[in-house]
Structure formats: C-alpha cells, structure tokens
Amino acid sequence: MHYLAPLPRPSQPELTIRLREATVKDMLAIADTQPELEEHITTEYLNQLQAPETYSDARQWTGDDRRLAVYWYALHTLPDTQMTLDYTCPSCDKALSYRLDLRDLADSSTTLKAKPYREVVFKGEVLNIKPLTGEALEQLEQFKLILNQLENHSAEYRQKKAELPLSEITYCLDFAEQNVEDEAKKQWLFKLTASEFIQLKQLISEKLTELQHGLPSVMHDGQLQLTTQVPTCDCEVQKNNDGLTLFFPFRDYFQLPDI
C-alpha cells in the first residue's frame, strides 16, 4: 500500500502523521455523513488513512494538526496545485487576482517548540490553556448544527448563540491540579463576574496566539481562513505598500475526497 511522505505533527513535532490515499471503499464508508459535519468527516478519514505504526486518534489532535494533515493530503492528490485568488483593493475597490501555488503555503507552516498548552493563574486557580482538539471541534460542530436549525430571531436562537463562545472557552481550558469535567468548568465560569470573564477571554486569546502552529490561519465566523501575502494595487493609496494579507477559506480548497 502506498503512503504519502510522513509529516511531523505541528503541535508535537516528535510525533509523525503518515497517510495513504483514500480508496473507493473509504469514501463509501462515510458517504451518508451530513456534509455539514466536516469535523466528524475529518476524524473518520484521518483515522482510516493513517499508517498503523504511527496511528493515534485524530480526535485528540489539535484543529491545526488536522488542517495541516488535510492540506498535506491535498498536495499529494490534487491534479493541479495552482489556484487563482480573487480579491478587491481595500482603497479603490479595483478587482484584482493572484495566482498562488498551494505548495508555497507549506513554507509558512510552523511547529510548537514547547508543550502544547500554556499554564496561567487566574483567580487562584492554575489553568492550562490549550488549542481546541478534534473532539472539541466535533462538539462545537454539533452545537452549530443545532443553532442553524433555529429561527434566527427567536429567543432560543439568541440563547444558544450566546452559549457558543462559553462552550469554546470550556474546551480551551483545564484545571491543572484537578480533573474537572466540562460541566463543572461551566459552573465555575458562571460564577465569574462580567469583568472577570472578559479578562479570562483576553488571557485565553493571548495564550492561543502564542500556541499557533500549522498553517497561518485565523477563525472567522466559525470558519477557518488561511492567510497569504498578495501584491497591492497600483492605486495612489496602495502603491507604496509592500503587500496585502489576504484571507481565504480552507474548506473551499482542501476537501477530503468524495464519491
């Protein structure tokens, strides 16, 4: 069986990801999965396609580990790695385009040099701040699926939407000195004052920025956006700038195979 070139897992580079190309049988095995359940599909594929000698459950990988693995798979299986990015000048609204070779994104990939979490003290508690895992992303995906089925202006929708960031925070932290379940974490968060909660959110954001790994990316409205530098416009405002940072959706260009 042919396997792709091995890839260090960016959150723990001492561990290796090794995938093979999917077969028709692999694709049929999850053909009945809802397309909206992208994280679930990602877990199923990554677990099916791994080499046995380097196998580990992709639910325990970070989201950035998983994205880089899918990107690596795409680079080895796409018939053409060239793509055109269309964008608009932010100053004069001129339509522009840039031809990008997806292989170039690999040069910007980074790995963590230390443990894949940050230890902080908040309100006397020692907390470990960590990136979202595949398991957490699957849970959030289910949450968002329920949210999308509700009437946008209903009270239930507003309530669920307000709970979403709380769930994200719950999955990003552990109590370092004790094993605390997610529901108990939420109960602890409920007791924070509004200003304390804002402080905690800012602290988590700062630590997650320090923990960035894999491909350069940001989360926007629940969707992973890759970033790359593109040329600026030749208009008067932009002509002296070196370049623009362009965001484009990961999902549109790095899908796992389908029948």
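The values are calculated or read from the model by the stated rules, or taken from the named source; none is laboratory data. What you are looking at is a predicted structure, and each value in this text was computed from that prediction instead of being measured. Please note: Cβ atoms are built from the backbone with ideal geometry, for glycine as well, and neighbour counts cover all protein chains shown. We work out accessible area using only protein heavy atoms, side chains counted, and drop any ligands, DNA or RNA first. Shrake-Rupley method; radii C 1.70, N 1.55, O 1.52, S 1.80 Å.
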**Request:** Could you tell me what percent of the accessible area of the chain is made up of carbon and sulfur, with a 1.4 Å probe and every protein chain present?
**Result:** 48
**Complete:** Taking every other residue with Cβ under 15 Å from the Cβ of Tyr253 and scoring Lys and Arg +1, Asp and Glu -1, one gets -3
**Request:** State the cysteines of the chain left without a partner when partners are defined as other cysteines whose beta carbon lies under 4.7 Å away.
**Result:** Cys172
**Request:** Using per-residue counts of other Cβ atoms within 10 Å, averaged over each peptide, order 202-208, 82-88 from highest down.
**Result:** 202-208, 82-88
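Determine the sum of side-chain charges near Leu192: Lys and Arg each +1, Asp and Glu each -1, restricted to other residues whose C-beta is under 12 angstrom from that of Leu192.
+3
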**Message:** Just want the answer: with Cβ charges of +1 for Lys and Arg and -1 for Asp and Glu, which residue in Leu46, Thr110, His153 is farthest toward the dipole's positive end in the chain?
**Reply:** Thr110
**Request:** Provide the per residue accessible area, probe 1.4 Å, for the range 118-212, rounded to a whole number of square angstrom.
**Result:** 61
**Fill in**
One finds the C-alpha centres of the range 186-201 and the range 1-35 to be spaced, in Å, by 39
**Request:** Report the local net charge at Cys235: Lys and Arg +1, Asp and Glu -1, summed over other residues whose C-beta lies under 13 Å from its C-beta.
**Result:** -1
**Charge dipole (debye, nearest 20) of the chain; +1 at Cβ of Lys and Arg, -1 at Cβ of Asp and Glu** = 420
